[in-house]
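Chemist: Quick one: this structure, given as structure tokens, is what I'll be asking you about.
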Amino acid sequence: NLFAETTVSTEFGLDARFLNNRLGIDLTLYKTNTKDQLFTIALPVGSGASLAFINGGDVQNKGFEAVITSTPVRTTNFNWDFNVNFAVNKNKVLKLSDERPRLVVGGDSFFRDFVVEQGQPYGRLYSRGFIRDAQGRVVVGANGLPTYTAAKSVLIGDINPDWTGGISSSFSYKRLSA
């Protein structure tokens, strides 16, 4: 009963060039929804299988991209191209499945879980936390080590960058490029 993933995307853009193509700007706004993604889920040991595939999800990505291209120097034999790009992408898991609004899709058995959960960004990482006393201090056990919670319930991070960007520069002389 598995379905193929479906992606629907809408994009608006502007590409403008000036000064005989020596300066350009490329702007893009987009929104993408991917539905019926395949996830693996752990099954009870007594079932005879360890994992099962299920369809689920409506993951939405919205973002903005900007690229500025330039050729500061252009002669008969020599060119210098300089480009800058910047992008922001925000995603959100709009829906997983009615039976499982939260899936652990990776991690280890002791400290980390990679979790996909409805209503949150895709790519959140959870871990065990330290047990603290009433004053907020970490409780140390008889063995001299900090004590930790049984559940991996502390959000420790998100795999999504706030933004991405880059700068590139290239030079060419006749047929040689660097």
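Derivation of every value follows stated rules applied to the coordinates shown; laboratory data play no part. Just so we're clear, the structure is a prediction, and the values are computed from it rather than from any experiment. For neighbour counting, all protein chains shown are included, and Cβ atoms are generated from backbone atoms with ideal geometry for every residue, glycine included.
Chemist: So if we plug the beta-carbon distance of Phe171 and Ile25 into 1/(1 + (r/R0)^6) with R0 = 25 Å, what FRET efficiency do we get, rounded to 0.05?
Modeler: Step by step, r from the Cβ atoms, then E = 0.65.
Chemist: From a point 7 Å beyond the Cα of Arg74 in the direction of its Cβ, which residues of region 1-40 have a backbone N at a distance under 16 Å?
Modeler: 16-26
Chemist: Residues with beta-carbon under 15 Å from that of Asp108, excluding Asp108: net charge, scoring Lys, Arg +1 and Asp, Glu -1?
Modeler: +2
Chemist: Check the straight Cα-Cα distances from Lys35 and name the lysines below 30 Å, setting aside those fewer than 8 residues away within the same chain.
Modeler: Lys62, Lys90, Lys92, Lys95, Lys152
Chemist: If the elastic network links every pair of Cα atoms under 10 Å, which of Val59, Val84, Val139 fluctuates the most in the Gaussian network model of the chain?
Modeler: Val139
Chemist: Here's something else I'd like to know. Which aspartates and glutamates, on any chain, are close to Lys174 with Cα under 20 Å apart, when same-chain ones fewer than 8 places away are left out?
Modeler: Output for Lys174: Asp81.
Chemist: Just to confirm my numbers, what's the Cα centroid distance between region 105-178 and region 27-96 in Å?
Modeler: Between the Cα centre of region 105-178 and that of region 27-96, the gap is 19 Å.
Chemist: Counting Lys +1, Arg +1, Asp -1, Glu -1, what net charge surrounds Gly13 among other residues with beta carbon under 10 Å of its beta carbon?
Modeler: For residues surrounding Gly13, the net value is -4.
Chemist: How much FRET efficiency would the formula 1/(1 + (r/R0)^6) give for Asn160 and Phe53, where r is the Cβ-Cβ distance and R0 is 25 Å, rounded to 0.05?
Modeler: 0.50
Chemist: Kindly identify region 97-171 as rounded, prolate or oblate by the Cα gyration tensor criterion: order the square roots of the eigenvalues as a ≥ b ≥ c, call it rounded if a/c is under 1.5, otherwise compare a/b with b/c, prolate if a/b is larger, else oblate.
Modeler: oblate
Chemist: Pick from Ser97, Ser50, Ser153: which is most flexible by mean-square fluctuation in a GNM of the chain where alpha carbon atoms under 10 Å apart are linked?
Modeler: Highest fluctuation of the listed residues: Ser50.
Chemist: Another question, if that's okay. If you take volume of the Cα convex hull per residue in Å³ from the coordinates, which of (1) 252; (2) 138; (3) 174 do you get?
Modeler: Correct label, based on the coordinates given: (1).
Chemist: So which chymotrypsin sites (Phe, Trp or Tyr not before Pro) in region 1-30 end up in coil per DSSP with only 15 or fewer other C-beta atoms within 10 Å?
Modeler: Sites meeting the loop and neighbour criteria: Phe3.
Chemist: Using amide H atoms built 1.01 Å from N in the peptide plane, name the residues 5+ places from Gly129, or on other chains, whose amide H lies under 5 Å from its own.
Modeler: Thr149, Ser153, Val154
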